[in-house]
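Undergrad: Quick one: the structure is below, questions incoming.
Coordinate-derived values only; no laboratory data. Given the structure is predicted, the values throughout are model-derived calculations rather than measurements. Don't worry about glycine lacking a Cβ; one is built from the backbone with ideal geometry, like all the others, and counts go over all protein chains shown.
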Amino acid sequence: MRTPERHLGGATLAAEVTMTASEQADESRRPLHDRICEDLLSGRLTADDRLSEHALSARYGVSRTPVREALVRLEQDGLIERNGTTARLRTRTPEEINDIYRARTWLEQAIAEDAAERRGELDLLRMEQLLEAEGRLDAAVVEPGDLMRANRAFHDALAVAAHNVALADLQARLTMQVARLPATTLSVPGRWQVAHEQHLAILEHVRAGNRTEAGLIARQHMSDARDIRLALSLRDG
């Protein structure tokens, strides 16, 4: 999976950047597991896509051996369920969703607390730029995927600002667990504006070095997302 810094460079979050030949070569050298994870997160791979060894081999231009190895890791990550040479995205029960969000709530609180203590000026600048871009997104107009990418970019930047590799690694794993759930909490009426205001508050406390306050807002932010997610899950059966 791409490191958090990779998400922070562009001024426009929703735009697709055309890769040069050199960048495409670099992309092909990335571990296949990371490339598949990124495609799952971005929505380029969905539940409608065939996740067979043959289809993935053709898609990524590799032999079946690295595909098989990547599928094993994805299964260990809890993202897919395998049946022979084919796989499908794993569905989650409301109980599993609640457990994931409980862990994510604790994690985001810890990240915000560490960011308040360890952030540098460049970290603050990155988050400011991302929140300026967030503020230009109208949830009633843009695609839900644009909201998801903007939200993920801020949380990635916050994890970078925490300068805690262990927390960043855990965040990346849990992000994968929630990113492939159906729908998005950010598309619920009113949620995007509230989430953006919470992001702004987190940044202000991180800038001021207010460890406890930053952590509490991050905790509330994820608790709100959990409640919405569970309601969506129960509604959709």
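Undergrad: Once you list every other residue whose beta carbon is under 10 Å from the beta carbon of Val206, what net charge do they have if Lys and Arg are +1 and Asp and Glu are -1?
TA: Working: positive: Arg118, Arg119, Arg207, Arg211; negative: Glu113, Asp114, Glu117, Asp123, Glu204, Glu213.
Around Val206, the surrounding residues sum to -2.
Undergrad: Principal axis lengths of the stretch 69-167 from Cα atoms, whole Å, largest first?
TA: 50, 36, 28 Å, listed from the longest principal axis down.
Undergrad: Run the quick spin-label model on Glu132 and Leu174: label points 7 Å from Cα toward the beta carbon, then report their separation in nm to one decimal.
TA: 3.0
Undergrad: Search the structure for amide H atoms under 5 Å from the amide H of Ala87, placed 1.01 Å from N in the peptide plane, and list their residues when 5 or more places away or on another chain.
TA: Residues meeting the amide H criterion: Leu51, Ser52.
Undergrad: At 7 Å along Cα-to-Cβ for each site, give me the label-to-label distance between Ala166 and Arg30 in nm.
TA: 2.7
Undergrad: So, one more: Working out 0.36 nm times the residue gap between Thr93 and Leu230, then minus their Cα-Cα distance, what length gain in nm do you get to one decimal? Working shown, then result.
TA: Values: separation 137, 0.36 × 137 = 49.32 nm, distance 0.95 nm.
Result: 48.4 nm gained on full extension.
Undergrad: Between Glu117 and Ser223, what is the spin-label point distance in nm, taking each point 7 Å from the Cα along the Cα→C-beta axis?
TA: 2.2
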